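Coordinate-derived values only; no laboratory data. Predicted model, so just to flag it, every value in this text is computed and none were measured. Note: ideal-geometry Cβ built from the backbone for every residue, glycine included; neighbour counts use all protein chains shown.
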Amino acid sequence: MSEKSLPNRRAFIAAAATGVVASPSIVRAQEVINWRMVTSWQKNLPGPGVSAERLAQRINTMSGGRLNITVFPAGAIAPAFGVMEAISTGAVEMGHTASFFWDGALPGSAFFTTAPFGMGPLAHQTWIEHRGGQALWDELYKPRGVRGLLAGNTGPSMGGWFRKPINSVEDIKGLRIRVAGMGGEVYAALGAVPQNIPPGDIFSALERGTIDAVELLAPVNDLPMGFERHAPYYYMPGFNKPNGAGEALISLAAFGKLPADIQRVIENACQAEHSAALAEAEHMNASAILELIAKGAKITAFPVEVMKAAQAKTFEIVETKAQKSPITARIVASWREALKAGGSWSRIESYSEQAMRSL
């Protein structure tokens with residue numbers, strides 16, 4: 001090495017030490033990965049539609065713009081009930097929906113959103129995250145090349161909107177009701193005629209008189225739909241949907257190609273949205289129920305006879321479902337164990353809250 005080269009070498013070392021000289025990997029702009037998210041909701045539907053948009057924004061921000069997700073509402077790319085297929089076939093990378101839509105093709109999937117007379121939001125999340133639910137969810141969906149994650153929650157639902165009062169089980173027989181998930185199986189067992197109608201098409205079906213009743217979600221989600229105009233009897237409790245967990249569906253192939261840190265971003269963003277949406281639902285339902293009453297909603301309790309009959313049918317349906325496949329049997333067993341494990345504490349929590357409020 002000649003003396004003449006020393007100053008340049010020393011200058012380079014000094015520059016590198018101060019960060020002035022950047023390596024090619026730092027200089028090169030980070031590649032932006034573009035994903036498409038299809039949903040089962042019309043754009044910005046209070047609750048799940050908002051969660052889908054917000055989840056995409058969370059991921060975009062938390063990834064520093066490295067993963068850009070564009071949201072497409074129901075019908076834009078895939079129909080409301082075609083989200084699973086769109087991801088499974090590789091047409092898109094991600095979706096936002098509810099697991100009970102797939103229970104016919106994948107028996108047991110409904111439990112990952114809600115099941116009649118089942119767990120509330122916190123107990124359900126505990127099952128998924130701490131009592132084996134997520135591993136079973138992953139196993140059920142893996143053959144489809146898809147993974148499901150909790151990603152939003154509308155909280156416990158109301159029982160639904162009815163044109164006429166329900167005074168007995170006889171009043172349910174022949175009733176044409178829009179209902180999703182296992183609740184539809186319960187209503188069918190009680191003699192009703194369940195209708196699986198996408199959220200965006202429910203009001204027109206009610207307005208035309210092709211259905212007699214509607215079960216959607218909670219007050220804040222029902223408020224903009226205008227159901228009270230045609231079916232003013234708003235029943236409680238929502239025995240068929242005591243929880244309202246939203247589902248992010250992710251292509252395993254697309255997920256596997258992501259850097260590990262962005263994979264964690266997606267998982268953490270889903271957790272954050274689940275928590276935020278549930279708190280938002282609790283906040284907004286408090287005012288939404290009052291607004292619905294002002295609009296003419298008649299808050300009504302289901303008769304005890306109907307509740308007991310529905311519970312008995314639920315037990316039968318769950319038992320039958322457990323026979324569908326080995327994985328379904330294990331999902332049902334795990335769900336039952338979680339329901340039992342958290343039961344004592346849940347009852348104490350509920351009693352304590354009510355006791356303090358009654359003072």
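Report, ordered by chain and residue number, the aspartates and glutamates lying within cross-link reach of K321, taken as a straight Cα distance under 18 Å and ignoring same-chain residues fewer than 8 apart.
Correct list for K321: D103, E139, E185, E337.
Sticking to Cα atoms, compute the Rg of the range 121-237 to one decimal and its Dmax as the biggest Cα-Cα distance, whole number, in Å.
16.5, 46
If you take the beta carbon distance between K298 and S168 as r and set R0 to 25 Å, what does 1/(1 + (r/R0)^6) give as a FRET efficiency, to the nearest 0.05?
Numbers: r = 18 Å, r/R0 = 0.71.
Calculated transfer efficiency: 0.90.
Using only the Cα atoms of the range 240-287, what do you get for the radius of gyration and for Dmax, in Å?
14.4, 44
Tell me, what is the percent relative contact order of the range 169-294, built from C-alpha pairs under 8 Å that lie six or more residues apart? Before the final figure, lay out each step's value.
Details: 104 pairs, mean separation 28.9, N = 126.
The normalised contact order for the range 169-294 reaches 23 percent.
For the chain, set up a GNM with springs between Cα atoms under 10 Å and report which of S275, S251, S168 has the largest fluctuation.
Judging by the Gaussian network model, the answer is S168.
Need the list of aspartates and glutamates near K164 for cross-linking: C-alpha distance under 16 angstrom, and skip anything on the same chain fewer than eight residues off.
E207, D212, E215, E228
Could you work out the helix-only [θ] at 222 nm for the chain, with each DSSP H run of four or more residues adding -39,500 (n - 2.57) and the total divided by the number of residues, to the nearest 500 deg cm²/dmol? Don't jump to the answer; show the numbers that get you there.
Values: 14 runs with 165 residues, N = 359.
Estimated from H runs of four or more residues: -14000 deg cm²/dmol.
Listed highest first by mean packing, meaning other Cβ atoms within 10 Å per residue, what order do 331-338, 60-67 come in?
Values: 331-338: 19.1, 60-67: 16.5.
Descending packing order for the listed peptides: 331-338, 60-67.
Report Rg(Cα)/(2.2 N^0.38 Å) for the chain, keeping two decimals.
On the way: Rg = 24.5 Å, N = 359, 2.2 N^0.38 = 20.6 Å.
Its radius of gyration relative to the 2.2 N^0.38 Å reference: 1.19.
Under 20 Å from a point placed 7 Å out from the Cα of A188 along the Cα-to-Cβ direction: which residues of the range 298-333 have their backbone N that close?
Counting backbone N atoms under 20 Å from the label point, the list is 309-326, 328-329, 332.
Just list whichever of K241/K324; K43/K313; K295/K340; K43/K173; K173/K324 have alpha carbons separated by over 31 Å in the model shown.
Values: K241/K324 22 Å; K43/K313 35 Å; K295/K340 40 Å; K43/K173 35 Å; K173/K324 27 Å.
Result: K43/K313; K295/K340; K43/K173 exceed 31 Å.
Mind checking which of S275, A322, I289 is farthest towards the positive end of the range 266-349's charge dipole, using Cβ charges of +1 (Lys, Arg) and -1 (Asp, Glu) about the Cα centre?
Value: A322.
Under a GNM of the chain (C-alpha, springs under 10 Å), which listed residue has the highest mean-square fluctuation: P121, P156, P79?
P79
Among all helices in the chain defined by DSSP H, which have a length of 24 Å or more along the axis from Cα atoms plus a Kyte-Doolittle mean of at least -1.0? Don't skip to the end; give the middle numbers.
Working: long enough: 260-294 (51 Å, 0.24); 304-321 (25 Å, 0.01).
Result, helices passing both filters: 260-294, 304-321.
Looking at the calculated P(r) for the range 265-309, what percent of the C-alpha pair distances fall above 12 Å? If you can, show how the numbers build up before the last one.
Values: 718 of 990 pairs.
That fraction is 73 percent.
With r as the distance between the Cβ atoms of E337 and F315 and R0 = 22 Å, compute the FRET efficiency 1/(1 + (r/R0)^6) and round to 0.05.
With R0 = 22 Å, the Cβ-Cβ based efficiency is 0.90.
7 Å from Cα along Cα→Cβ at both E305 and T61: what's the point-to-point distance in nm?
Each label point is offset 7 Å from its Cα along the Cβ direction, giving 5.3 nm.
Once label points are set 7 Å from the Cα along Cα→Cβ at both R229 and A355, what is their separation, rounded to one decimal in nm?
Spacing of the two 7 Å Cα→Cβ label points: 4.7 nm.
Over the chain, what is the relative contact order in percent, taking alpha-carbon pairs closer than 8 angstrom and at least six residues apart? Mind dumping the intermediate values first?
Working: 622 pairs, mean separation 78.3, N = 359.
Rounded, it is 22 percent for the chain.
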